[in-house]
Each structure stands twice: as structure tokens, then as C-alpha cells.
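Novice: The structure follows.
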Amino acid sequence: MNPDGTPGLGRTGVISTPHGEIRTPAFIAVGTKATVKAVLPESVRELGAQAVLANAYHLYLQPGAEVLDAAGGLGAFMNWDGPTFTDSGGFQVMSLGSGFKKVIDMTGAGAQGGDDAVAPGKERLANVDDDGVWFKSHLNGDMHRFSPEISMGVQHRIGADIMFAFDELTTLHNSRGYQEESLERTRLWAERCVAEHFRLTDERDGKPYQALFGVIQGAQFEDLRRKACADLGAMAFDGFGIGGALEKENLGTIVGWCSEVLPEDKPRHLLGISEPDDVFTAIENGADTFDCVSPTRVARNSAFYTRHGRFNLSGQRYKTDFTPLQEDCDCYTCTHYTRAYIHHLFKAKELLSHTLISIHNERFVVRLVDDCREALGDGTFRELKARTLADYYAGAPDPQGR
């Protein structure tokens, strides 16, 4: 319930896949190239992750979807026996194609660049038309074509349990006019994805059924978001991804708009979040699953999560700190290693530091979402949110720092 007594949008549930159930809300670990960076699949399972998300763009370029198909699909290829997702690759085509590498600037509408924004000093490597996208590989410059049909073919061969329709990513820099044009293009692509998905499902008879999620765009505009939800919600999708351009402060509002319109009996996946405040905001506004690369990305720069905030293990004060990363954490790293040892590994440029911090960070986010799921079930979600965020964002020094 909301503070005013109205029903909340947060919920618990179960997503059934050929490789097991996902109890929601759930954090989906990101294994972009068929690996959660620096972490063994066995360790991903041990830290409590229920599913892994890989990226169709990267796997298409290397090693190629046909290789995964021959291996028996994504899970078999990477020795992961749980549920799997694949992102369609639309984000990477657009972000890499505009020279922004791993991120698209979402700092606000009306900034410079507009509809033709390209990162400074970069050439445009992707060009969209009504049929699809031409793009140059960021690996070797080869030209490639993605269309709804090609994306579906690639994802069917990769073989994940849940895949996403090919969509056009926009940013907050794009004009209202372009957002409308892009939304219609994505709607038409969604229809083509559904048709090709069912054609390939029939053609590949005998393979486990792969669920297809539509992707909701519309940037910061309520009418466009609601229109996208109504349009795609009427199509034969198995679930929905909420993606595209949004400002952090509007995250809950936009997810709420979508949850109010999308079919209640189908799951909603929010693409690309893992910070504690975003996790609570997403869940209370109706998101069922979400993913983010941050836990492993920041780990490679020695940053680790604790209930008192995020700290950087490269600091000199950790040289003789013989406590675990977090004293009450049950992850493999915290039950076997000290901050001093991992600090040494990082300073010595030993890659094991990436592995040990990544295991802890992934476990931190997985456990946080598990706690949210339990709190939704027993009616203590608001108390958990208040307590967790007060501790995490207090701005206090690391209480374990020696």
C-alpha cells in the first residue's frame, strides 16, 4: 500500500522458463558476452543469481550466433543451467554507433547534439532507416545489418529463454518529433519481431520455447510511454522491457505509467539499473526484474558495496584492514578473504581482485532484491526501504575502515 492508502504497484510473482523459475522481483546478473565478467558461472549460481542476461549484439559479432546454436544454446555454451535472457542489441548498435561506447548521455533534454548526436571526435557508425539499422562493427569496422527479422534470427540461434524485440533507442537529446517518429518505427518493428518469432518457433520445432518481450520506448513523455504500452500490450508478447531515455529522478514515474497500462499478467523488465535507491523505486512502481553491469564494472575499479554505502578499496587505509568487505555478508569473498588482501591484489594489478570484489557486489545486489521480495510478501517493504536507504546514503565514512 502507498502512504495515502491506495494500492501500490509493487508485486511478487514467478516467471517460468524451460531452465527453471525466476522468483520476482529479481536482479538478473549481466553476462554480456556469455560471461559475468571475472566470475565463474558456478560462482554466479552460488551467490544467488537466478538468471543471466547476455547481449545479442556482442555475441553476434563474437563468436557468432551459429556457434552458440551448435553448442546447444547460450546456457550450454557458458555452462549455466539456469534461465537466460538476451538483450536485442539495439542499445549497443545505437550507443556504439554514435561513438558513446558503453553509455548514452541521459543528462537531460534539450542539450546540444539533438537528433544527430555523435560523441565528440567520433564518426557515426550506425544509421537507422525504417527497415532496420546499418552499423559498423566496433571490433574491426566491418559493416553489418540488423533488422527485426535478423535480430530474431540471431536471438533464436543464441537460444536464451527470454529475448527482446529489436527496437530503436533514443536519448533525451532527441526532439519530440523524432521521439514520435521513432516510437512508430519501434511499433512496426515490434509487429515484425512477433511475426518472425512465431515463424522461427514453428521452423525450429523441438527447441525449447523462447519467450519474447516487447520493449517500451517513449522517453520522458507520458503520452508516448502510455501509447507504447497500449500498442505493444495488445501484441502477442510474453512480457515487456521498459527501456529508452529517462532521467533518474523520473524513473519511478515512468515505470509507474507503464505498469498501469501493460497487462497485469505479464512480467516487466527494467533495463539497466542496480543502485539501491533505483532498485526500491523500480520495485515499488511495478518492475519485476532488472539488470545492470555496474556491480562488476565498478568492481574492476576496486569499488565495493556495503550497507553503509560504496567505498573504494584502493585507499591506503585498507592496507592493514583484516576485516571482510562487509562484516555480515555471506558471500564467498567475505567468508574467505580480507580487505587487506584484496587491496594488495588490486595494487599489484592482480586480476583476482576483480573476481573477488565482483562476487561480493553481485551478491550485495542479489540479496538486496531478495530482501525486497520477502518484504513485499510480509508487508514490511516501506520499512526496509527507509532503513536501507538511510544507511546507504548517510554519507558517513566506512565504519569498518581501519
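The values are calculated or read from the model by the stated rules, or taken from the named source; none is laboratory data. Worth saying up front: this structure is predicted, and the values here are computed from it rather than measured. Cβ: placed from backbone, ideal geometry, glycine included. Neighbour counts: every protein chain shown. When the accessible area is computed, the model is the full protein with side chains, heavy atoms only, and any ligands, DNA or RNA have been set aside. Shrake-Rupley method; radii C 1.70, N 1.55, O 1.52, S 1.80 Å.
Novice: Pairing the Cα long axis of helix 148-158 with the longest principal axis of the chain, what angle in degrees results, from 0 to 90 and rounded to the nearest 10?
Specialist: Helix 148-158 sits roughly 50 degrees off the main axis of the chain.
Novice: Sorted by mean Cβ packing within 10 Å, highest first, what order do the peptides 11-19, 270-278, 388-396 take?
Specialist: Highest to lowest by the protection proxy: 270-278, 11-19, 388-396.
Novice: When only C-alpha pairs under 8 Å and at least 6 residues apart count, what is the relative contact order of the chain, in percent?
Specialist: 17 percent
Novice: Taking the Cβ of GLN210 as the center, what net charge do the other residues with Cβ under 10 Å away carry, scoring Lys and Arg +1 and Asp and Glu -1?
Specialist: Residues close to GLN210 contribute a combined charge of 0.
Novice: Right, something else. Return the distance in nm (one decimal) between the two label points of a simple spin-label model at SER314 and GLU66, each offset 7 Å from Cα along Cα→Cβ.
Specialist: Placing both labels 7 Å beyond Cα along the Cβ direction yields 4.3 nm.
Novice: May I ask for the angle, rounded to the nearest 10°, between helix 352-378 and the longest principal axis of the chain, with both axes built from Cα atoms and the value confined to 0 to 90°?
Specialist: Helix 352-378 sits roughly 80 degrees off the main axis of the chain.
Novice: Follow-up. Given the pairs LYS248/LYS347; LYS37/LYS347; LYS227/LYS266; LYS33/LYS385; LYS33/LYS266, which are separated by over 23 angstrom at their Cα positions?
Specialist: Violating the 23 Å limit, Cα to Cα: LYS248/LYS347; LYS33/LYS385; LYS33/LYS266.
Novice: Still on this model: If you average the sequence gap of Cα pairs under 8 Å that are 6 or more apart and divide by the length of the range 177-229, what percent do you get for the contact order?
Specialist: After rounding, I find 40 percent.
Novice: For THR306, what is the net charge nearby, where nearby means another residue's Cβ is under 10 Å from its Cβ and Lys, Arg count +1, Asp, Glu -1?
Specialist: Cβ neighbours under 10 Å give a net charge of -2.
Novice: For the peptides 44-55, 374-385, what is the packing order when you average, over each peptide's residues, the other Cβ atoms within 10 Å and list the highest mean first?
Specialist: Ranking the peptides 44-55, 374-385 by packing returns 44-55, 374-385.
Novice: For the range 192-236, rounded, prolate or oblate, judged on the Cα gyration tensor with a ≥ b ≥ c (square roots of eigenvalues), a/c < 1.5 rounded, else prolate if a/b > b/c?
Specialist: It comes out prolate by the Cα gyration axes.
Novice: Same structure, new question: So what are the ³J(HN,Hα) numbers for the range 302-317, from phi and the Karplus equation (6.51, -1.76, 1.60; θ = phi - 60°), rounded to whole Hz, Gly and Pro as x?
Specialist: Calculated HN-Hα couplings, in order: 6, 7, 9, 8, 9, 5, 9, x, 9, 10, 10, 6, 6, x, 4, 5 Hz.
Novice: Sticking with this one: I'd like the Karplus ³J(HN,Hα) series for the range 203-215: coefficients 6.51, -1.76, 1.60, θ = phi - 60°, whole numbers in Hz, and an x wherever there's a Gly or Pro.
Specialist: So the J values, rounded to whole Hz, are 5, 9, 4, x, 7, x, 5, 9, 6, 10, 9, x, 10.
Novice: Roughly what % antiparallel, to the nearest 5, for the DSSP beta bridges in the range 133-281?
Specialist: The antiparallel proportion sits near 30 percent.
Novice: Sum -39500 (n - 2.57) across every DSSP H segment of at least 4 residues in the chain, then divide by the residue count to get the 222 nm mean residue ellipticity, nearest 500.
Specialist: Result for the chain, helices only: -12000 deg cm²/dmol.
Novice: Any cysteines in the chain with zero other Cys Cβ atoms under 4.7 Å from their Cβ? List them, or say none.
Specialist: CYS193, CYS229, CYS258, CYS292, CYS331, CYS372
Novice: Pull out a ≥ b ≥ c, the square roots of the eigenvalues of the alpha-carbon gyration tensor of the range 317-392, then state rounded if a/c is under 1.5, prolate if not and a/b is larger than b/c, and oblate in the remaining case.
Specialist: prolate
Novice: Determine, for each peptide in 335-347, 27-39, the mean count of other beta carbons within 10 angstrom over its residues, then list the peptides with the highest first.
Specialist: For the peptides 335-347, 27-39, the packing ranking is 27-39, 335-347.
Novice: Give the relative contact order (percent, whole number) for the range 191-256; include only Cα pairs under 8 Å separated by 6+ residues.
Specialist: 35 percent
Novice: PHE198 to ALA236: extension gain in nm, 0.36 nm per residue of separation minus the Cα-Cα distance?
Specialist: Residue separation times 0.36 nm, minus the Cα-Cα distance, leaves 12.7 nm.
Novice: Then there is this: Between PHE240, PHE85, PHE135, where does the largest GNM mean-square fluctuation fall for the chain, given springs only between Cα atoms within less than 10 Å?
Specialist: So, out of PHE240, PHE85, PHE135, the one fluctuating most is PHE135.
Novice: Okay, moving on. With every protein chain present, what is the per residue accessible area of the chain (1.4 Å probe, Å²)?
Specialist: 42 Å²
Novice: When Lys and Arg each count +1 and Asp and Glu each count -1, what net charge do the other residues less than 14 Å away from LYS227, Cβ to Cβ, add up to?
Specialist: -2
Novice: Restricting the count to DSSP beta bridges whose residues both fall in the chain, what percent are antiparallel, rounded to a multiple of 5?
Specialist: That works out to approximately 40 percent antiparallel.
Novice: Also, I was wondering about something else. If you take the square roots of the eigenvalues of the alpha-carbon gyration tensor of the range 138-178 and sort them as a ≥ b ≥ c, do you get rounded (a/c under 1.5), prolate (a/b over b/c) or oblate?
Specialist: The shape class here is oblate.
Novice: Expressed as a whole percentage, what fraction of the accessible surface of the chain belongs to carbon and sulfur atoms when a 1.4 Å probe is rolled over the protein heavy atoms?
Specialist: 51 percent
Novice: Note the angle between two axes, namely the Cα long axis of helix 222-233 and the longest principal axis of the Cα atoms of the chain, as a number of degrees from 0 to 90, rounded to the nearest 10.
Specialist: So the helix axis and the longest Cα principal axis differ by about 70 degrees.
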